Amino acid sequence: MITELGHFALILAFLVACVQAVVPMVGAQKRWPGWMAVAEPAATAQFLLVLLSFAALTHAFVTSDFSLRLVVMNSHSAKPMLYKISGVWGNHEGSMLLWVLILALFGAMAAWFGGNLPPSLRARVLGIQAMVGVAFYAFILFTSNPFLRLAVPPFDGQDLNPLLQDPGLAFHPPFLYLGYVGLSICFSFAAAALIEGRVDAAWGRWVRPWTLLSWVFLTIGIALGSWWAYYELGWGGFWFWDPVENASFMPWLLAAALLHSAIVVEKREALKSWTMLLAILAFSFSLIGTFIVRSGVLTSVHAFATDPERGVFILAILVIFTGGSLTLYAARAGVMQAKGVFGVVSRESALVANNILLAVACFVVFVGTLWPLVAEMLFQRKLSVGAPFFNMAFTPFMVLLGLLLPIGSMLSWKRGKLGVIFRRLVPAMLLALAVAGLFWTIQTGRSLMGPIGLALGTWLVAGSVTDILSRIGQSRDYRRLLRLPRADWGKAVAHAGLGVCMAGIAGLMAWQQEDIRVAQLGEPFTVGAYEIELQDVQRVQGPNYFSTMGEVAVREDGREIAHLYPEKRDYPVAKMPTTEAAIDYRFLRDVYVVIGDQQTAGGWTMRVYIKPLANWIWGGAILMALGGLLSLSDRRFRVAAGARKTVPARGVPAE
C-alpha cells in the first residue's frame, strides 16, 4: 500500500509540475497576477509529493520489501541499516528519484525565499524550473520507474554493490546531487531573465547565493568521492580522471567561474553576456554528466546504467534545454549590454582572467573525457586518455589561477595599482619562495613538483591572510577584523583552502613511496622511515561478508606508532570482493597498508604506501566549503536578496 502511494505521489508531482510549467509562464506574459501566483503553491506541493514518494521508496528498502524489483536488485535482509537506506540512491532508478526530489526542493526554496523578486521574474523562474522537472519526471515514469512490482517476490535480495557499502559513498551522492541539480536554479534564473529582457545588477545579486550554495555542495560531494576512492578502492590514489569523476568536476569549474562572474555583474553591471552563458553551460554540463553516468557510452566503475534508450532520452533533454536556452541567449543579445567600464589593471580584469582559466580548464577536461568516444565514432580507433594527459594539460591553468588569485582579490574595482598590491604581497611572496627553497634543499635531485606546489599553496594561504589584514588600514586596529563582512572572510578562507589542497596534491604526487612484496608473518621490512611487520592474519565474519584481516604493526625509530588491520572482504550474495585499506592518518603523512591473497609458497601479498600531505587535500576541500558557507551567511545574501526598490518620482506611479 505504501509503495503504491509513493508511485501515485510521483505521478501527481508530474501533473503538478506540468501545471507549474504552463500557468505561471502564461500569467507572466499576460501580466495576470492570479496565474503568476499559482507558481509558489505548486512548487511547494510538487516538493511535498516527491518527498512522499521518496519516503515510500525508503520505507520499502528499510523494511526489505522484496516484492519491489528495485529492492531485490539492490538490497539484502542482512545488510546494515545505513546501507539499506543508502541503497535507495545506490542505483539508477532510486538516484533519479533523488535527482527530482532535489530539483523540486530548489524550486520550492526559490518560492519560499524569493518574496523580494519581481512577481513576473519569480513566476518565470519557477515555471522554467518546473519544465526541467517535467522532463525528468517523464524520464523516470516512462523509462526508470522505481516502483515496479514483482509477481513472485524472492525470499531475499541480491545485495547492493559492495563498493557502495561504505559511509563515504552513502553520503557522497546526496551532496553531489545537491550541487549538480542546484545549478538548475541558476539556469532557471538565467532563462527567466532572458525572457524578461532584463539583466542587471539585481539579477547578479539574486543568482549569486544559489550559485554559491550549489558550488559548496559540489565541493563537499567531490571531496567525499575522492576520499572514498582513496581509502576504499585500495589503489592508493585520490583522483583517477575517471569519466564520472570528470562529469562532476566540470560543473564545479564552471560554477566557480559563474560565481566570480556574477560578482562583476552585481558590482559593475559588466560581463552580463558571459555570465548568462556560464549559467547555461554550468547546468548543461550537469546534464552531460548525467548522460555520461547513465547512457553507457563511456565505461566507468561509477556508472549506474548502460541502457541506450535511457541515454537517448537524457540526450534529448540535454539538446532541448541547452539548445533552447542558447537560442534564447542569441536572440536576447541586445539586453546584455555592459554598462560598467574598467581598466586593464582592475579587479574586473582579474575576474575575467579567472573566468577564462576556469573555462579553458573545463574545456580541457571535457575534450579528454569525450575524445575516446569521438575517436571510436569517427576514426574507428579505441583510445584511452588517462592521467598523464590530464596532468600535463590541466595543471598549467591551475598554476596560473593560483598565482593570480591573491593579486586579483586585492585589486580595486574599476582601476587598480599593481605596485601597491605587490608591495603588500612581498611578505607572502618571500615566504612562498622560502618554502620552495627549503623543500628543494631537502629533496635535492628529485621532482620540482613538490617545492613548486608547496610554494603555490603557501602563496595562496599567505595572500589570503594579507588580503584580510589589509582591510584594517593604517590604524592597525585589529578589532576591525571582527566587523568585516562574512563574505570577505569566506573569500579568504576559500582561497586559502585551495592553496592547502594544491599543496597536498603536489606533496602526495611528488614524494609518495610505494612498496609491493610478499610479506611473511613476523618478518619486518622497511618502507621509507618506517618498519612494517605483518603479525597475524585471521578469518573474520561481518554482518554480510567474510573478511581476511591482517594485523600489521608500524614502527618508527624502533617505537610502535600504529596497529593497522587491512582487510580483503568477500560478499557471498553479491559474489564480489573488496579491498579495505588500513591507514594511519597523521597531519604530515599517511601510512597506507593493503593486504592481498595468500601465496602458495607462503606469505601474503602486501602493498604499503607512505603518502605525504594526503590529508591536506581533503582539509583544503573542507576549508573551501567552509569559506563558501561563511560567504553564504553574509547578511547581504540573506536580507533583501538584491531586491530593487523603485522610488517613484512625484506624480509618476511606481511600476
Whether the range 513-614 is rounded, prolate or oblate, judged on the alpha carbon gyration tensor where a/c under 1.5 counts as rounded: prolate
Charge dipole (debye, nearest 20) of the range 513-614; +1 at Cβ of Lys and Arg, -1 at Cβ of Asp and Glu: 320 debye
Members of 339/417; 272/417; 339/491; 84/491; 568/611 lying beyond 32 Å, as alpha-carbon distances in this model show: 84/491
Taking the range 513-614 and dividing mean pair separation by its residue count, relative contact order in percent (alpha carbons under 8 Å, at least six apart): 25 percent
The chain - mean residue ellipticity at 222 nm from DSSP helices (-39,500 (n - 2.57) per run, n ≥ 4, rounded to 500): -21500 deg cm²/dmol
Under 18 Å from the residue 430 label point (7 Å along Cα→beta-carbon), backbone N, the range 459-501: 459-467, 469-470
Theoretical FRET efficiency, 1/(1+(r/R0)^6), r = Cβ-Cβ of residue 63 and residue 8, R0 22 Å, to 0.05: 0.70
The chain: relative contact order as a whole-number percent, Cα under 8 Å and 6+ apart: 11 percent
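Every read-out reported here was derived from the displayed coordinates using simple, explicitly stated rules and does not represent laboratory data. Please read these numbers as outputs of a predicted model, since none were measured by experiment. Positions of Cβ are backbone-derived with ideal geometry, glycine not excepted, and every protein chain shown enters the neighbour counts.
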